[in-house]
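What follows draws every value from the coordinates through simple rules; no lab data is involved. Please read these numbers as outputs of a predicted model, since none were measured by experiment. Positions of Cβ are generated from backbone atoms using ideal geometry, with glycine treated the same way; all protein chains shown enter the neighbour counts.
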Amino acid sequence: MNTQTSPHLNLLRNFSAVTALLAVAQAVIGLLVAFTDFDAVNAHGWLGYATFIAAVAAAIGAFLWKKVSGNTGLFMHAAGVAVLALIQIGLAEMGQRWAHIILGLLILGAALALALLAFRKPGVVLDTHTR
């Protein structure tokens, strides 16, 4: 199995891209809701749940990819994004507006970085056979 055809890497790449796109949509809608009269709180919330699910799927892909590539850093990054997304949901439920906004912007950066790393520097499949 080479790097280009690995189903684990494809899972990681696909869901990290979805997570990043959802995080961008979250940021746009969230900032509009926070600073204008735009009323899309429900859409923002549902996108938040979808972002969390996509981040968990990306973390699963990263875990499986770590098993064949040894890239622990990418897995930890993906798991971190998923954990931050879960904390973000908790902050929203508690009504912690400013902490929620700040963490949301941090998640945006982390999700974009995860997608870039998954596509540009995912690592390679390790040769497990010794000569």
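Some notes on this structure:
- Principal semi-axes in Å for the chain [√(5λ), Cα gyration tensor, largest first]: 33, 12, 10
- The C-alpha atoms of the chain define a longest principal axis, and helix 7-35 lies at about 10 degrees to it.
- Note on N42/D127: beta-carbon distance plugged into 1/(1 + (r/R0)^6) with R0 of 41 Å gives a FRET efficiency of 0.25.
- Against the chain, whose longest principal axis comes from its Cα atoms, helix 72-94 is set at around 20 degrees.
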